[in-house]
Amino acid sequence: MNLTVRICEKIALLPQHAVTEVLDFADFLVVRYGDAQPQEEGQKDAATFYARFQADLSGHRFNRNEANAR
């Protein structure tokens, strides 16, 4: 049996206020997982984005007073 059909059958057994809770929870899950990418794909996207900003800062010494003066 299809998972969607099983969920609908269970929801049909609930009182109206509980159905509203199920809908609220489903909305929460859509927000949480709706736009989720596989982790590896997200890491590739991040690496591509940050590659533009890579610079050799090995010779740079951070000076807090100079930074605060800016």
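If you take the beta carbon distance between Phe28 and Asn2 as r and set R0 to 22 Å, what does 1/(1 + (r/R0)^6) give as a FRET efficiency, to the nearest 0.05?
0.45
For the chain, what log10 I(q)/I(0) values come out of the Debye formula at q = 0.13, 0.26, 0.28 1/Å, with one point per alpha carbon and no solvent?
The calculated log intensity ratios at q = 0.13, 0.26, 0.28 Å⁻¹ are -0.68, -1.15, -1.20.
Using R₀ = 30 Å, calculate the FRET efficiency as 1/(1 + (r/R₀)^6) where r is the Cβ-Cβ separation of Asp45 and Asn65; round to 0.05.
E(calc), rounded to 0.05, equals 0.20.
Just so you know, all these numbers are worked out from the coordinates, no wet-lab data involved. Fair warning: this is a prediction, and the values are worked out from it, not measured in the lab. With ideal geometry, Cβ positions are generated from the backbone for all residues, glycine too; neighbour counts draw on all protein chains shown.
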